[in-house]
1. What are the pairs with Cβ atoms under 6 angstrom where one residue, in region 1-27, is on the phi < 0 side of the Ramachandran plot and part of a loop (DSSP other than H, G, I, E, B) and the other, located anywhere, is surrounded by fewer than 11 Cβ atoms within 10 Å (Cβ to Cβ) and modelled with pLDDT of 65 or more? Sequence gap at least six, or different chains.
2. Scan region 1-22 residue by residue and report those that are under 16 Å from the mean Cα position of the chain (by Cα) and modelled with pLDDT under 80.
3. Go through region 40-58 and count every residue that is more than 9 Å from the chain's Cα centre (by Cα) and in a strand (DSSP E or B).
4. Mind checking which residues of region 23-46 are at pLDDT 85 or above, more than 26 Å from residue 6 (Cβ to Cβ) and either surrounded by 13 or more Cβ atoms within 10 Å (Cβ to Cβ) or in contact with a strand residue (DSSP E or B) (Cβ under 7 Å, 6 or more places away or on another chain) (or both)?
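The values are calculated or read from the model by the stated rules, or taken from the named source; none is laboratory data. On a predicted model such as this, the values are computed, not experimentally measured, just so you know. We place every Cβ from the backbone using ideal geometry, glycine too, and count neighbours over all the protein chains shown.
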């Protein structure tokens with residue numbers, strides 16, 4: 001049987017509603033490690049975010065809106 005590692009929450013930070021969520025997510029990436037799995041919702045799969053995850057060699061899974069599927073197939 002495979003041992004499951006404990007789930008951990010990185011941090012909770014409050015910002016004004018005008019803050020761009022992807023910029024905030026990029027700040028969170030500084031606190032991740034190579035064996036972490038990054039899970040995100042459909043508002044995050046911008047090119048810069050996906051490229052950053054790839055450059056950092058992070059594993060990730062996320063939802064994409066139907067309209068963005070063609071653009072994100074490169075990853």
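1. That search, which allows pairs on different chains as well, returns 10/31.
2. Within region 1-22, the first condition is being under 16 Å from the mean Cα position of the chain (by Cα), and the residues that meet it are 7-13, 20-22.
Answer for region 1-22, where residues must be under 16 Å from the mean Cα position of the chain (by Cα) and modelled with pLDDT under 80: 7, 8, 9, 10, 11, 12, 13.
3. Counting residues in region 40-58 that are more than 9 Å from the chain's Cα centre (by Cα) and in a strand (DSSP E or B) gives 0.
4. Selection gives nothing.
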